[in-house]
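One structure is given below, encoded as structure tokens.
The values are calculated or read from the model by the stated rules, or taken from the named source; none is laboratory data. Predicted, not measured: the structure shown is a model, and the values here were computed from it. Glycine gets a Cβ as well: all are built from the backbone with ideal geometry, and neighbour counts include every protein chain shown.
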Amino acid sequence: MDPLQKVPTHDAVELDKKQNKSQSFSVVSSTASAIKVLPVLGATLVSFLYFRRSTKGLERHLKPLALGFMGLAVFEILAQAYLLRGSTNVVINQAVAVYGPVWWAENLVLLLSAVILGRWVWRYLVKRFMSQLFMIFVTGIIVVFLVTTVTFTFLLLRNIQNATLSNLSTTANVLNYAFDSKRSETVSSSEALSYNPEYISAIIQKDHKKLVQLSANYLATKKQSMLLITNDSGQVLLRGEDTDRWGDSLSSDPLVRKALIGQPSSSISTISGVLAPTMFIESTSPVRDSNNLIVGTITTGVAMDDAFVDGIKNSTGLDASIYSGNIRSATTTLTADGKSRWVGVKEHNKSVNDTVLKSGETFSGQLDILNIPYLAVYRPLKDVDNVVVGMILVAQPQTYLLSTANQSIQLTFILATTLLLLSIFPAYLVSRYIGRQL
């Protein structure tokens, strides 16, 4: 509003020249749209006026203000990118998402503008000694409170994170009981069938048709996923899930070999699938005749499929996945359509593969699963020969960690802000007293 001071010149003609420019702005969009545009127009106008005053007038010290408000105008323009976050275009959605490239550019411009404006304001205030003392006291108070608040927040998040990882590790250990329970089911099922006289008779006679009749509804009634019967040489007499596929030999199978020498055993195995392999908990028992001679084997198994991991999530509230090797075979993680599962995906994290699959140890820590930050625990799955054949994942999104700590962090910042404001007045009184004494 103040008139500009003319720049001295020796040209009389130039002194007489004066150009008046006017610009009118009309708001055509709705009230909501106008409110979004006003900060951009306001910051641009302020930047232009300060720049004009610093270049055409005598107040060159105002140029940093022009640059600072120009940065704020750019920030306000970039801030409008949030309107595109609902876009179905993947590239646009990722570009304007929180922590995306546009978000970082927006906040970097805001930081630079704040630094420029803050530096100018600081230099303006420290021209007076009292202002210097006051700024020193206030800055010291702010630094102390910020360091205290940030340190407390960091320690709080770290403690919650460690507690969450500890709970995940405990949950992963508790899952051993779930595996033991499933293993006990398969053991009892295979042993019960191995003592059934009808099955023993059909195995001795190698009667495939009778075995099909006997086991017609077995898998459904017993909630088993696999029923495998062999004779004393390891030749398959029946596959309950595929009765037409029999006659091949499983004499090299570790469980069958042990059963044929009289050792019942259990293990975890893998069967290839179209989209992804399937992990099974299997138990094999020897079948003996009336003379206590081994005449065959019976194997029952339960699939560790999507229903299995869904049961884990229902009981613990945590996401879970089963891996065959490093390939995900079952998971609670859904795709974008909310129906399909992310199966068949390989785990490429080197630390996970080296720790779990190669060393056979448990891995716990922070990592991204399908581009989502998680706190996760991986445990190895081993077969009857103690060889790692897969792993199980129990994980929790880090957003849960932040939501848990959010209330405590808010209370901490409110308390720190209140104490900071209460400390400013004593700092002012001390500064004024020292200034008067000098």
Selection status of Tyr323, part of a strand (DSSP E or B) and at pLDDT below 85: no
The range 332-346 residues that are exposed (fewer than 15 other Cβ atoms within 10 Å of the Cβ), paired with ones that are part of a loop (DSSP other than H, G, I, E, B) and of a type in the set (Gly, Ala, Ser) (beta carbon under 8 Å, 6 or more apart): Leu334/Ser340; Gly344/Ala276
Condition met for Thr362 (crowded, with 16+ Cβ neighbours inside 10 Å and not basic (Lys, Arg)): no
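Here is a yes/no grid of residues against (1) closer than 30 Å to Ser364 by Cα; (2) touching a Lys or Arg at 6+ places or on another chain (Cβ under 8 Å); (3) crowded, with 16+ Cβ neighbours inside 10 Å; (4) not hydroxyl-bearing (Ser, Thr, Tyr):
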{"position": "Asn167", "(1), (2), (3), (4)": "yes, no, yes, yes"}
{"position": "Thr171", "(1), (2), (3), (4)": "yes, no, yes, no"}
{"position": "Tyr177", "(1), (2), (3), (4)": "yes, no, no, no"}
{"position": "Ser189", "(1), (2), (3), (4)": "no, yes, yes, no"}
{"position": "Pro197", "(1), (2), (3), (4)": "no, no, no, yes"}
{"position": "Gln205", "(1), (2), (3), (4)": "no, no, no, yes"}
{"position": "Gln213", "(1), (2), (3), (4)": "no, no, no, yes"}
{"position": "Ala220", "(1), (2), (3), (4)": "no, no, no, yes"}
{"position": "Leu228", "(1), (2), (3), (4)": "no, yes, yes, yes"}
Residue count, the range 87-99 (criterion: closer than 20 Å to Glu76 by Cα and out of contact with any helix residue (DSSP H, G or I) (no Cβ under 6 Å at 6 or more places or on another chain)): 5
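Please determine, by comparing only the residues of the range 244-269 that are polar (S, T, N, Q) and in contact with a Lys or Arg (Cβ under 8 Å, 6 or more places away or on another chain), which one is surrounded by the most Cβ atoms within 10 Å (Cβ to Cβ).
From the range 244-269, those polar (S, T, N, Q) are 249, 251-252, 263, 265-267, 269; that's our starting set.
Remaining after also requiring in contact with a Lys or Arg (Cβ under 8 Å, 6 or more places away or on another chain): 251, 265-266.
On the way: Ser251: 11, Ser265: 16, Ser266: 23.
Checked the range 244-269; the qualifying residue surrounded by the most Cβ atoms within 10 Å (Cβ to Cβ) is Ser266.
Can you give me the number of residues within the range 179-219 that are out of contact with any helix residue (DSSP H, G or I) (no Cβ under 7 Å at 6 or more places or on another chain) and within 30 Å of Leu318 (Cβ to Cβ)?
We begin by selecting, within the range 179-219, every residue out of contact with any helix residue (DSSP H, G or I) (no Cβ under 7 Å at 6 or more places or on another chain); these are 179-188, 190-192, 194-197, 200-201, 203-209, 212-213, 215-219.
Within this subset, residues satisfying the condition of being within 30 Å of Leu318 (Cβ to Cβ) are 179-188, 219.
Total satisfying the criteria: 11.
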Contacts under 7 angstrom Cβ, first residue in the range 248-275 being closer than 26 Å to Ile327 by Cα, partner among the acidic types (Asp, Glu), 6 or more apart: Pro254/Asp385; Leu255/Glu282; Ser266/Glu282; Ser267/Glu282; Ser267/Asp383; Ile268/Asp383; Ser269/Glu282; Ser269/Asp383
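Assess whether Leu357 counts as being in a strand (DSSP E or B) and either surrounded by 14 or more Cβ atoms within 10 Å (Cβ to Cβ) or within 19 Å of the chain's Cα centre (by Cα) (or both).
Details: in a strand (DSSP E or B): no; either surrounded by 14 or more Cβ atoms within 10 Å (Cβ to Cβ) or within 19 Å of the chain's Cα centre (by Cα) (or both): yes.
Judged against the criteria, Leu357 is not a match.
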Breaking point among (1) assigned to a helix (DSSP H, G or I); (2) touching a residue at least 60 places away in the same chain (Cβ under 8 Å); (3) of a type in the set (A, V, I, L, M, F, W, C), for Ala307: (2)
Residue count for the range 208-237, restricted to those that are under 21 Å from Ile294 (Cα atoms), in contact (Cβ under 8 Å) with a residue 24 or more places away in the chain and charged (D, E, K, R): 1
